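Engineer: One structure coming up, written as structure tokens, with questions to follow.
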Amino acid sequence: MRRRHRNGRRTVSAPEWTIVREMNNESVPGIPQKVHPGPIMRRLFLLLFVPPLFLGGCGPQQAQPQASSAPAPGDGTPDKKRSLLEERRGFQTKLIRKQAENEPVPDPPPQLFRTVHYESPAGRLAAYLSPSPSDGKKHPAIIWVFGGFANSIGETAWEPAPAKNDQSASAFRKAGIMMMYPSLRGGNDNPGFKEGFFGEVDDLLAATEYLARQDFVDPQRVYLGGHSTGGTLVLLVAACTDRFRGVFSFGPVSDVAGYGSENIPFDLSDRRELELRSPERWINSVQSPTFVFEGAGGRGNLDSLKELSRASRNPLTHFHPVKGADHFSILAPLTKVIAAKVVRDEGPTTNIAFTEKELNDLLGR
């Protein structure tokens, strides 16, 4: 079985990685644990080897551990009148370590994608983009953000994967929807350093404008989606703009402190750094129809979904636990359903909605 590097690429020898095995009682990065807050998915399809301290919490797991540095109830309540974009303006994040991948972007299959570069405040960043259909039509399009902490793109975008852990989001491409997979600052061989959910928001805003300018893309039908850490990031982006027709967030966390200091490049004890990156704080600032999903069976960030739902008074946000699915197996069947809805979403405003029955029927539950 092929192994993947943490930026989604194949490697010949990678002894530090172990394949995700949902049948075993293993610690899954991407799903903070009950006793020892651990990392989220270090990279797509794989587990990063973690020290024995974090392997000890292998019993029942919660999606989001509490951290003393998180905004406290009462003084950290989301405020519908406050804009995350305004609150971020002028703030300079302070990184306690500067990290970048410094690895080139793998060449995609030309019939599926081409490598492009979009301008962000960090500089020119790489992305995979669907080729033009050359049919003179405007097509719906989606930006998809992978999970993990590499800020990178790679073969995961097109390589076949088992249905129980298919993170490619290829259902959109197969439905005829244009796709863009942006890499972010510090990822691949991009300029800048990883900022852990801060500057990456600006990168995705820039990628959105790039995508909307393509002559084969309908600028009124641009969607945003992401999984795991990507799901967390798209919620923050959705709180900064009304640019999207719809936003789909899979398995996010409500508070990024749960990802652990080993994965976060800023000081978790700095309250302001933390609150500008935690979706629960800004869920009422979301400006586009936004759908949040997580598997209700097995390990996942279900507690975070519930926390986000409790915090939200925003009619644009919708929260859906899916029975019989976990943090990974939810992706393949549900992205297929979403893709079909996006294709039919042709009115002046989005008509996308989900019922509990159709979601719970995905895996025969």
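Engineer: Residues that are of a type in the set (Asp, Glu), closer than 23 Å to Phe197 by Cα and crowded, with 21+ Cβ neighbours inside 10 Å: does the stretch 282-302 have at least one?
Structural biologist: Scanning the stretch 282-302 turns up at least one residue that is of a type in the set (Asp, Glu), closer than 23 Å to Phe197 by Cα and crowded, with 21+ Cβ neighbours inside 10 Å.
Engineer: Let me ask you something else. For the stretch 126-149, does any single residue satisfy the condition of being assigned to a strand (DSSP E or B), surrounded by 23 or more Cβ atoms within 10 Å (Cβ to Cβ) and of a type in the set (S, T, N, Q)?
Structural biologist: no
Engineer: Does the stretch 61-78 include one or more residues that are closer than 30 Å to Gln220 by Cα, surrounded by 12 or more Cβ atoms within 10 Å (Cβ to Cβ) and either in contact with a strand residue (DSSP E or B) (Cβ under 6 Å, 6 or more places away or on another chain) or modelled with pLDDT under 95 (or both)? Before the answer, list the steps.
Structural biologist: Step one: of the stretch 61-78, the residues closer than 30 Å to Gln220 by Cα are 78.
So of that shortlist, the ones also surrounded by 12 or more Cβ atoms within 10 Å (Cβ to Cβ) come out as 78.
If we keep only those that are either in contact with a strand residue (DSSP E or B) (Cβ under 6 Å, 6 or more places away or on another chain) or modelled with pLDDT under 95 (or both) too, we end up with 78.
Yes, the conditions are met somewhere in the stretch 61-78.
Engineer: Got a number for residues in the stretch 241-283 being under 14 Å from Leu316 (Cβ atoms) and not in a helix (DSSP H, G or I)?
Structural biologist: Count: 9.
Engineer: Something else about it: For the stretch 180-197, enumerate the residues that are surrounded by fewer than 23 Cβ atoms within 10 Å (Cβ to Cβ) and either modelled with pLDDT under 95 or touching a Lys or Arg at 6+ places or on another chain (Cβ under 8 Å) (or both).
Structural biologist: Arg185, Pro191, Gly192, Phe193
Engineer: Could you tell me whether the stretch 117-130 includes any residue that is more than 18 Å from Leu204 (Cα to Cα) and in contact with a strand residue (DSSP E or B) (Cβ under 8 Å, 6 or more places away or on another chain)?
Structural biologist: So far as the stretch 117-130 goes, no, none of its residues is more than 18 Å from Leu204 (Cα to Cα) and in contact with a strand residue (DSSP E or B) (Cβ under 8 Å, 6 or more places away or on another chain).
Engineer: Restricting to the stretch 179-232, name every residue that is among the acidic types (Asp, Glu) and within 16 Å of the chain's Cα centre (by Cα).
Structural biologist: Glu195, Glu200, Asp202, Asp203
Engineer: Being farther than 24 Å from Arg243 by Cβ, part of a helix (DSSP H, G or I) and of a type in the set (A, V, I, L, M) is the filter here, so list the residues in the stretch 150-173 that pass it.
Structural biologist: Ala163, the sole residue that qualifies.
The values are calculated or read from the model by the stated rules, or taken from the named source; none is laboratory data. Keep in mind the model is a prediction, meaning the values are calculated, not measured. Neighbour counts are summed over all protein chains in view; Cβ atoms, including those assigned to glycine, are modelled from backbone coordinates with ideal geometry.
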